[in-house]
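A short worksheet on the structure shown next.
What follows draws every value from the coordinates through simple rules; no lab data is involved. The structure displayed is predicted, hence computed values, not measured ones. Don't worry about glycine lacking a Cβ; one is built from the backbone with ideal geometry, like all the others, and counts go over all protein chains shown.
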Amino acid sequence: MKTRTPLDRNDLQIQKKDKVIEIGSGHNPSFRANVIVEKYIYDNTQRCDKAKIYPHQTFINADGENLPFKDKEFDYAICCQVLEHVEHPDIFIAEQCRIAKRGYIETPSMIGEFLFPKKSHKWVILDIDQKLVLFEKSQMPGNYQKDYGELFLNYLSYQSLPYKLLGLTEGEMMLNRYEWKDNVDIMVNPQEEYYRSFFLSKWTREMTEKIFPPRNLKTELLRTSTALMHILKQKINQKFKKSASPIDLEEYLKRKGFFVFISPDYSYFCRQLTPQNEL
């Protein structure tokens, strides 16, 4: 079930002793994760850059729909910007709930997908009634071809304080941020008209308030001040706390010499290995 909507992926309720896995970390892994899982090692068509990893992490090459772990082996599972890519989202989510007790899922919202779409995204996703509702992108009306990511992701996110505050106070605007415990309530290509209307019809005021519930002035001020303090805390940490940087997976392999290997990309990987790095 959904437990809360974090401000962002730096606002997760992970305990110090938790064993954490991240599934599909791509070029931006979480430092807190103990184990990193990637399906594709050298194929970057599903991500923005080469796969990266921190030196302290364990790397597993595996498919998120068939994870090589015991039931509830992890305390927490992180999955950011992956669900919209997968072939079978219900199986993918079921595997996370099987191997972890709690977790966090982040995806583009419907508005986010419209403003900065990716060809590799198969699903448009909304958080409706505490459920992650997925609708096949190819069936969506409207133009999902023009990418304004340079403005909304790469410019305003770094240059505009009001835009940063908007992203934190109205988190559902661009992203779905879903922290869960025990299980995730998910619907794929719903047949019920109620859910389908959010993807196929013009939004009414009632539909708008379902996604963005109205708030009183006290709540507005509290959320805005909380968001501002969150931004300031991050800026202070960036300035005064020295943090490690992730390295390319190839460099990681050279340093480690080996890693646990369960691979859908095995033959491709073997062709890339230099003789001194053969497993």
| Where Rh is the Kirkwood radius over Cα pairs, Rg/Rh for the range 1-160 | 0.95
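Once you charge only the Cβ atoms, +1 for Lys and Arg and -1 for Asp and Glu, what is the size of the charge dipole of the chain about its Cα centre, to the nearest 20 debye? Walk me through the intermediate numbers first.
Numbers: 41 positive and 38 negative charges, 244 e Å.
So the dipole magnitude of the chain works out to roughly 1180 debye.
Using a 10 Å cut-off around each Cβ, can you sort Met187, Met173 from fewest to most neighbouring Cβ atoms? Mind dumping the intermediate values first?
On the way: Met187 18, Met173 14.
So the ranking, lowest neighbour count to highest, is Met173, Met187.
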| query | In what order do Ser225, Ser243 fall by count of nearby beta-carbon atoms within 10 Å, going from fewest to most? | reply | Ser243, Ser225
| task | Within 10 Å, count the other beta carbons around each residue, average over each peptide in 193-201, 233-241, and list them highest first. | result | 193-201, 233-241
| query | Roughly how many whole Å is it from the C-alpha centroid of the range 171-185 to that of the range 120-139? | reply | 12 Å
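Tell me, what is the percent relative contact order of the chain, built from C-alpha pairs under 8 Å that lie six or more residues apart? Kindly include the intermediate steps, with their values, before the conclusion.
Details: 458 pairs, mean separation 66.2, N = 279.
It comes to 24 percent, rounded to a whole number.
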| query | So for the chain, taking the charge dipole from beta-carbon charges (+1 Lys/Arg, -1 Asp/Glu), which of Leu200, Ile60, Gln15 sits furthest toward the positive end? | reply | Gln15
| query | Which percent of Cα-Cα pairs in the range 126-224 sits in each 5 Å bin, short to long? | reply | 2, 9, 16, 19, 20, 18, 11, 3, 0
| field | D_trans [Stokes-Einstein, Kirkwood Rh over alpha-carbon pairs] for the chain, 10 °C, 1.306 mPa s, µm² s⁻¹ | value | 79 µm²/s
| task | Using a cut-off of under 14 Å, list every residue of the range 202-218 whose amide N is near the label point 7 Å from the Cα of Tyr194 along the Cα-to-beta-carbon line. | result | 207, 210-211
| Do any GluC sites (Glu not before Pro) in the range 80-150 lie in a DSSP loop with no more than 15 other beta carbon atoms within 10 Å, and if so, which? | Glu87
| remark: When Lys119, Lys101, Lys17 are arranged by how many other beta-carbons sit within 10 Å of their Cβ, fewest first, they go Lys17, Lys119, Lys101
